[in-house]
Amino acid sequence: MSRRHNKLGSTDLKRRHRGWRRDASAQVALLLDDVEQPGNVGAIVRTAAAYRVDDLWLAGRTAPVDGRGAQRLAMGTDRYLRCHRTPDALDAVEAARRSGYHVVALELTDDAEPLHSVELPSEVCLVFGHEDRGVSAACLAEADEVSYLPQLGRVGSLNVAAAVAIALYETRRRDWI
């Protein structure tokens, strides 16, 4: 049996998104710890805006959001986020805590729990690290929890922008169930 699927028009799409927004009560933030590639930062910003991230901390050597490379992918969506620049990740962790966030670093460590099994409070800041080195040791030590994204294939890691997208979806999905 064949079924016809009609694409939503812009008005119907906006209506559907309003419904999802009403059901999303969590306050979500991101902390980027030395994410140096402008393309990754731009993709993260756009995804963060799509999943209504409230605060974005850019720590250390993280590429600037307003740079040409980041803007090529972000397409101006940084205007929907409160962006904060800090000299290092520890300053950003402290700022996130002062803002009421529970800090969860996403990194593969021996004591990390899968993100889907971690109880997340209603105010959470997810930390992501450098494209090769990951979250810094100092930042891991200061995080309230360390989590990871389970993977099934033969590839052991994801691009940081892809990991952020999956983690944000999982965080928001909890509001919808």
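Does Asp66 satisfy the condition of being within 15 Å of Ile44 (Cβ to Cβ), among the charged types (D, E, K, R) and free of Cβ contacts under 8 Å to residues at least 24 places away in the same chain? Answer is yes for this residue.
Exactly one residue out of Glu36, Glu94 is more than 24 Å from Glu170 (Cβ to Cβ), at pLDDT 95 or above and either buried (at least 21 other Cβ atoms within 10 Å of the Cβ) or in contact with a helix residue (DSSP H, G or I) (Cβ under 9 Å, 6 or more places away or on another chain) (or both): that is Glu94.
Show the residue pairs that are 6+ apart or on different chains and have beta-carbon atoms under 8 Å apart, the first residue being within region 129-146 and on the phi > 0 side of the Ramachandran plot, the second being modelled with pLDDT under 95. That search, which allows pairs on different chains as well, returns Gly134/Leu108. May I ask you to verify whether Ser122 is over 19 Å from Thr47 (Cβ atoms) and touching a residue at least 60 places away in the same chain (Cβ under 8 Å)? Judged against the criteria, Ser122 is a match. Assessment of region 82-89 against the conditions (surrounded by fewer than 13 Cβ atoms within 10 Å (Cβ to Cβ), without any contact (Cβ under 8 Å) to a residue 60 or more places away in the chain and not β-branched (Val, Ile, Thr)) yields at least one matching residue. Consider region 116-127 and keep the residues that are touching a strand residue (DSSP E or B) at 6+ places or on another chain (Cβ under 6 Å) and surrounded by 15 or more Cβ atoms within 10 Å (Cβ to Cβ). The one that is farthest from Asp88 (Cα to Cα) is Val118.
The values are calculated or read from the model by the stated rules, or taken from the named source; none is laboratory data. Nothing here was measured: the structure is a model prediction, and the numbers come from that model. Here the Cβ is made from the backbone with ideal geometry for all residues, glycine too, and neighbour counts use every protein chain on show.
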